[in-house]
Every structure is written in structure tokens, then in C-alpha cells.
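Engineer: Provided herewith is a single structure, encoded as C-alpha cells, for subsequent inquiry.
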Amino acid sequence: MRSAPPPHQTPPPIPPTGPGRRAFVTGALAAAGVAATGCAPPDTLISGQTRLRQWNLFAGGDGLRMIEMHDAYEAEHTDIDFRATTFTWGAPFYTKVAMGAAGGRGADIATSHVSRLESLAPGRLLDPVDPAMLAEAGIDDTVVLPNIWDKCFFDGRLYAIPIDTHVLIQYYHLDVCRQAGLLDADDRLMEVSGAEEYFDMLREIKAVTGTYGVSVDTWGPWSNFWALYRQQDGELVLGEDDYEMDDDKALAAMEVLYRLSEEGLAPRHSMAADTAANLANGQAGLMIHGNWEIPTLEATGVGFSATQFPAVFGNHRTRGDSHCYVFPHQRDRDPERTRAAVEYAAWMLRNSLTWARGGHIPAYQPVVESPEYDELHPQAEYREAAENVQFEPQAWFSGSAGRLQEEATGALTTLHQGTQTPEQALAQLKGTIRDLLTVPSPV
């Protein structure tokens, strides 16, 4: 379903569709006036600038870096009347994008997770990106990793421009791991492969900390489960009313999560900031978390580094996603503003070294391969994780901030709490997936 068109092929016009359920929702939202963002203001004509409006979901450290990049962009593009608006991360942001697009009055360009493409109904709530126009701005499949580029297509058409890859990685406390004898001459964590070697490493670390070997987010366990499941080539095939899952591989992944807490090598309860705090205060020597946590640890002053997700099942596959730019649907998309949006996205990719300082791996390979990126530590230590990223299967309820992540928590947290066996947790997780398949897509 995601086969890419030949390079630089201009996509054909979207064929008209009948008034189905999605069209009815679109019309109802528009009639209710929920998406009134307004047309181009008169001052655009007066100023002679091209109007460009951007919506994003970046707050915290990511938000500050985005503002820094936007300031630089505006300084170089005085001919653009650029304004960016930040909305609350997660469901509120995606609801805003969908509502604006349903009325045909979406922003000129918005950020999204590439895993949320299907939930944003490409062709209805998203307008396609012209690959030829994007290539003219210097972005095509030659400067983005194939596994990332391919995810930006839906039904053979380009709908997203990738910004980065953000993944689960493994952080390590330098002093703790040095005392445990687990660092090499360059202060890099020694490589282990296989579950038993990894558990042995955690035991050695716990002997130093007296508390834990590794800190994990036990209230957001889906990502860890997905990484471990995919390391075994586990597949999750979601159909319209049924699904396929490998029970044996799912149980093996769950057994790892269960053992981590059952053997006292990881916390039974760790949420949000607690997870990083366990590493920063030396209660754990390792931490599995997203690469976006680098600024958090830097702020603590602790000596740390990072590497790829541990090879518990013999490889470094890891759960991840990609921030990307999308074009929310506009009833009368202006060609000049659309070109400005494409050129803005290309500029942001070319200047994504600033973005990389926050931990994300830039999608634009000339940045990742640059001497400047080589000097970023620990970012340069895990850049290969972008090649090992494992996206979730496409469904309206999957992906970052999706219902699958949220509702799978109920089953998977019990593994850390010790209140269910892996077999019981698997039965609950399968029931959760089955229930989600019965819920109609909201768009």
C-alpha cells in the first residue's frame, strides 16, 4: 500500500469522491465552523510578503530548538510572513489538525508523526506533496534513508517530508558502569548479545548501585515491548476486523519485561521523570528511553553516554517514529504558499544540526554524515539506530500518541508490577487489539 512513485513524478489529481461517511464528517465539521482559521489577511497583499502558517506540537526543549531554528529561518527569509503556532502534544494537536483540514482551512504546513499518516486520512485531510517540487528544493530519496522515505507514502503518493528519527536508545551512567568494569578503553559500554548476557550485565551493575541495573518507564511499556517483539521478527498484521500476532514471540518479549522487575533489576513502578532520575542519581547504571531525553540528563550534570537499544534478541532493532511535515487540506491551496511551505521544509532539513542537539537523528543524511555531527556526543554514538527503527503497523489507532500505545499499557504494566504472568498479559493485550479493531475510525 505504500509503494513509492517513480522519482520526481508529479502526482495525479485526486479523483472526486462520493459523499461517504468521511465526507459527511468533513461537511458537518465545516458547517459547525470548528475549523475557521481564516483566509489570507489583507496585510499579506499590502506587505508583499508570502504568507506562511505552520502548526506544530513541540514544547519543552524541542520547542526551544524549533524556535531557534524558526528565528534563523525568518532572518534569512524576509520575503516570507511566517508564523508558527504550537498546540498541546498528542491527541489535542491531531484533533486540531483534523478539524482545520476538514473545513478546508488547515495551516499551510504542520508537523506530525509519520506513524499517524493513516489516522489523518491522506487525500481527504492531507494534501499530497509534489515530489518534483520537493526535489527542486533539494530533498528526495537520495538524501533520506530508504526505510524512512518509504514511510512517507500512502497509496503510492507522497504525503510527508521527514524531519528526523526518534527512537528508544540505551543510556549509561559513566561512573557506575566504570565501577562495574563494563566500559572499554574509550569509555564506551561493552557490547553484549542475547537475553542472558544482558541480564548478567544488569546483575553486575546492580552490585554497584545496590538498587537497579536498568531504569525503564513501567507506565509506558508498549515501546519496549514492540522493540523486543520486532527483534524477533514478530509481525502484527492488522486487518479490518481481524489481526495476526505471533504468540510465542510476544511471550518471549513479555518474559523479558516480567523478569526485569521480578528479579529486581528494574523498578516495578517508574513513570515519566522518575525514569531519568533513577539514572541521574545512580540508582541504575542503564536507562532505556527515547533519544529526546538527552537534554533532561544534560541538565542534571551527570556523566552519561548512550548507545543503541540493547541486542536482547541478537540485534539492535528498536521502536521509533519520525517527525515529519504534512500539508493539511486546504480548499483552495495557493501555489505560491505551497512552494514556500516546501522550501521552508527543505531549509529546516538542511539546518537540522540544531535539531540534532536535542537527541533526534536528522532525516537529512548530509547532516548526519557531516563532521559537525561527528562532534556531537552521545548523538554520534547511536546514529545507526535510524537504520534499525521499527515502526508500528498502520492503523488509525496505532502510532505515537495513538490509542494502541495508551490502551496496551493496561496489560503490559502488570508485567512490571508482577500482578499477571506473561501468558495472562498476552491474553489481555490481544483482547485490547481485538476491541480496537471494532471501533470505527473517527475520520
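The values are calculated or read from the model by the stated rules, or taken from the named source; none is laboratory data. Bear in mind the structure is a predicted one, so any value in this text is a computation, not a measurement. Neighbour counts run over all protein chains shown; Cβ positions are idealised from the backbone, glycine included. Calculation scope for accessible area: heavy atoms of the full protein, side chains included, ligands and nucleic acids excluded. Shrake-Rupley method; radii C 1.70, N 1.55, O 1.52, S 1.80 Å.
Engineer: Between LEU251 and ASP155, what length comes free when the chain is fully extended (0.36 nm per residue of separation minus the Cα-Cα distance, one decimal in nm)?
Structural biologist: On the way: separation 96, 0.36 × 96 = 34.56 nm, distance 3.34 nm.
Taking LEU251 through ASP155 to full extension adds about 31.2 nm, to one decimal.
Engineer: I would also like to ask the following. Once the whole set of protein chains is in place, how much accessible area is left on GLU191, using a 1.4 Å probe, in Å² to the nearest 10?
Structural biologist: Accessible surface of GLU191 is approximately 120 Å².
Engineer: Rounded to the nearest Å, what's the spacing between the alpha carbon centres of the stretch 269-283 and the stretch 109-123? Just the number, please.
Structural biologist: 32
Engineer: Could you tell me the center-to-center distance, by alpha carbons, between the stretch 252-268 and the stretch 184-247 in angstrom?
Structural biologist: 9
Engineer: I need the calculated FRET efficiency for the pair ASP241 and ALA91, taking r as the beta carbon distance and R₀ as 30 Å, to the nearest 0.05.
Structural biologist: On the way: r = 24 Å, r/R0 = 0.81.
FRET efficiency, ASP241 to ALA91: 0.80.
Engineer: Per DSSP helix of 4 or more residues, -39500 (n - 2.57); summed, then divided by the residues of the chain. What does that give at 222 nm, rounded to the nearest 500?
Structural biologist: Details: 18 runs with 178 residues, N = 443.
The helix-only estimate for the chain comes to -11500 deg cm²/dmol at 222 nm.
Engineer: For LYS430, give me every one of the lysines with a C-alpha distance below 22 angstrom, ignoring sequence neighbours fewer than eight places off in its own chain.
Structural biologist: Cα-Cα hits under 22 Å: LYS249.
Engineer: For the stretch 387-415 and the stretch 73-97, compute the distance between their C-alpha centroids and round to whole Å.
Structural biologist: 27
Engineer: While we're on this one: Taking the Cα atoms only, what angle lies between the long axis of helix 335-350 and the longest principal axis of the chain, rounded to 10 degrees?
Structural biologist: 20
Engineer: Test of understanding: express the Cα radius of gyration of the stretch 101-227 as a ratio to 2.2 N^0.38 Å, with N the residue count. Walk me through the numbers before you get to the answer.
Structural biologist: Working: Rg = 21.7 Å, N = 127, 2.2 N^0.38 = 13.9 Å.
So the Cα radius of gyration is 1.56 times the expected 2.2 N^0.38 Å.
Engineer: Same structure, new question: Residues with amide H under 5 Å of TRP219's amide H, sequence separation 5 or more or different chain, H placed in the peptide plane at 1.01 Å from N; which?
Structural biologist: SER270, ALA272
Engineer: For the stretch 65-161, would you read off the P(r) tail past 21 Å as a percentage of all alpha carbon pairs? Could the numbers behind the result be given before it?
Structural biologist: On the way: 2033 of 4656 pairs.
The proportion of pairs with Cα distances above 21 Å equals 44 percent.
Engineer: Oh, and also: Tell me, what is the 1.4 Å probe accessible area of ARG350, in Å² to the nearest 10?
Structural biologist: ARG350 exposes around 110 Å² with every protein chain in place.
Engineer: Can you list, bin by bin at 10 Å, the percent of alpha carbon pairs in the stretch 161-246, starting at 0?
Structural biologist: Spelled out bin by bin, the stretch 161-246 gives 13, 34, 31, 14, 6, 1 percent.
Engineer: Residues of the stretch 381-397 with the amide nitrogen closer than 15 Å to a label point 7 Å from the Cα of SER441, along Cα-to-Cβ, please.
Structural biologist: 393-397
Engineer: Could you work out the relative contact order of the chain, using alpha carbon pairs under 8 angstrom and six or more residues apart, expressed as a whole percent?
Structural biologist: On the way: 839 pairs, mean separation 109.2, N = 443.
Relative contact order for the chain comes out at 25 percent.
Engineer: If each residue of separation counts as 0.36 nm, what is the full-extension length gain between ARG83 and ARG331 once their alpha-carbon separation is subtracted? Intermediate results must be reported in sequence, preceding the final value.
Structural biologist: Working: separation 248, 0.36 × 248 = 89.28 nm, distance 2.03 nm.
Full-extension gain reported as 87.3 nm.
Engineer: Given all pairs of different Cα atoms, what value in angstroms does the Kirkwood hydrodynamic radius of the stretch 292-411 take? Don't skip to the end; give the middle numbers.
Structural biologist: Working: mean 1/r = 0.0585 Å⁻¹.
Across the stretch 292-411, the inverse of the average 1/r is 17.1 Å.
Engineer: Right, here's the next one. I need the P(r) histogram for the stretch 277-359: all alpha carbon pairs, bin width 5 Å from 0 out to the longest distance, whole percents.
Structural biologist: For the stretch 277-359, the binned pair fractions read 3, 10, 15, 15, 13, 13, 9, 8, 6, 5, 2, 0 percent.
Engineer: If we sort 86-99, 161-174 on the protection proxy, mean other Cβ atoms within 10 Å, highest first, what's the order? Mind showing how you got there, number by number?
Structural biologist: Working: 86-99: 18.3, 161-174: 25.0.
Top to bottom by mean Cβ count within 10 Å: 161-174, 86-99.
Engineer: Right, another one. With the contact rule set at Cα under 8 Å and sequence spacing of 6 or more, what percent relative contact order holds for the stretch 161-257?
Structural biologist: Working: 59 pairs, mean separation 17.0, N = 97.
Dividing the mean separation by the residue count of the stretch 161-257 yields 18 percent.
Engineer: Need one number: nm distance between label points at LEU64 and GLN49, each 7 Å from Cα along Cα→Cβ, rounded to one decimal.
Structural biologist: In this crude label model, LEU64 to GLN49 measures out at 2.6 nm.
Engineer: Same structure again: Determine the dipole magnitude for the chain: charges of +1 sit on the beta-carbon of Lys and Arg, -1 on that of Asp and Glu, nothing else is charged, the reference point is the Cα centre, and the result goes in debye to the nearest 20. Working shown, then result.
Structural biologist: Values: 33 positive and 60 negative charges, 305 e Å.
Here the size comes out at about 1460 debye.
Engineer: Here's something else I'd like to know. What share of all Cα pairs of the chain, in percent, falls into each consecutive 20 Å distance bin?
Structural biologist: 25, 55, 20, 1
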